[in-house]
Amino acid sequence: MGLINMNKNRPILITGKTGTGKSTKAKTITPDAIVLYANDIDFDLGSFPVEQGIIIEDVHYKPDKNAILSILRHYRGQVVLTSINQKSVPSEIKSMCQIKRAGSTNHLRDSIDILAPRSEEPFSYERDTYSLVMEYLKETDRDLMSEILLFNKPPDTQILSWLVENMHPNRLIFVDGVVKRRWSQKYFYEMLAYAHEGKQYGRGIMPKRKQYSKLPSLARRLGVKNPKLLMPLLKDEQFKTWAKTKLNNAECRMLKIGEKRTRRKKLEPQNIEQKKLGDYI
């Protein structure tokens, strides 16, 4: 791609839940834009005026990745994309965009309340991680739980680390050890849904963030590729002595190899001329 074709207007990705005003915000940026949908793009870039702009809606739903990337790379006008979240947007598209939030106010719901004040809140499958875990523990309809998991697709390691803090780990052994990353993602979420029957009430426990270990970085500085080998190597006196020359005292104390010996500068004896009382008279 030549420098002539590079787009000076960086594409903008607007994310937010349904009804939070993503499309409205996109149209304020490009009022006269041509609107396309991510899963059905049939275009001829030559027919799109540069000054008009392009809005690509619903990039989270079955996006035509190659077509969208072609627009982002070759169209010289402003491109604005919308999505209900960031995680469903292909990374190649997301990396090219400036990301903005639509906001938290549900304008769609506000409009419905005005037109039909007695209407019920519409059911939404979208959940954050905490809400998803709490519902997993309480919900007795495991078919529904399976659908919610499939819709949100939480990272396998993340959801399991949250659940193991709130239920007996034996229930998750099969899903974690046999199903995870060996079977399809769909099968993983279905098996996870049925690994628990619900009816578990109470306050949820959030997993504790592990303390950052400096051992890997210290091992790299000492030329040890595997951090697990560092402590056995430090039992060797020659290696320990050499390691002290590469580390500061705080790092030496952390590895329990003692502090570095600092050489004190030898003070040269000074000849001080002793004066007699008569010298002051």
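None of the figures in this text is laboratory data; all of them are computed from the coordinates on show. Because the structure is a prediction, the values reported are computed rather than measured. Glycine gets a Cβ as well: all are built from the backbone with ideal geometry, and neighbour counts include every protein chain shown.
The listed peptides 174-185, 86-97, ordered by packing as a protection proxy, come out as 86-97, 174-185 (highest mean of other Cβ atoms within 10 Å first).
The gain in end-to-end length when the K153 to Y37 segment is fully stretched comes to 39.5 nm, 0.36 nm per residue minus the alpha carbon separation.
Under the 0.36 nm per residue contour assumption, what length would be gained going from the current alpha-carbon distance of E120 and S91 to full extension?
On the way: separation 29, 0.36 × 29 = 10.44 nm, distance 3.65 nm.
Contour length minus the Cα-Cα distance gives 6.8 nm.
Label sites at E259 and Y201, each approximated as a point 7 angstrom past Cα along Cα to Cβ, lie 5.8 nm apart. The listed peptides 149-155, 246-252, 75-81, ordered by packing as a protection proxy, come out as 75-81, 149-155, 246-252 (highest mean of other Cβ atoms within 10 Å first).
Each distinct pair of alpha carbons in the range 135-240 adds a 1/r term; the inverse of their mean, the Kirkwood radius, is 16.6 Å. Cross-link partners of K260 among aspartates and glutamates, defined as those whose alpha carbon lies under 18 angstrom from its own and excluding same-chain residues fewer than eight positions apart: D236, E237, E251. First check a/c for the range 14-95, with a ≥ b ≥ c the square roots of the eigenvalues of its C-alpha gyration tensor; if it is under 1.5, answer rounded, and if not, answer prolate when a/b is larger than b/c or oblate otherwise. Here the range 14-95 falls in the oblate category. For the cross-link pairs K214/K244; K94/K180; K94/K153; K214/K240; K25/K87, which exceed 24 Å when the distance is taken from alpha carbon to alpha carbon? The pairs that break the limit, which is 24 Å between Cα atoms, are K94/K180.
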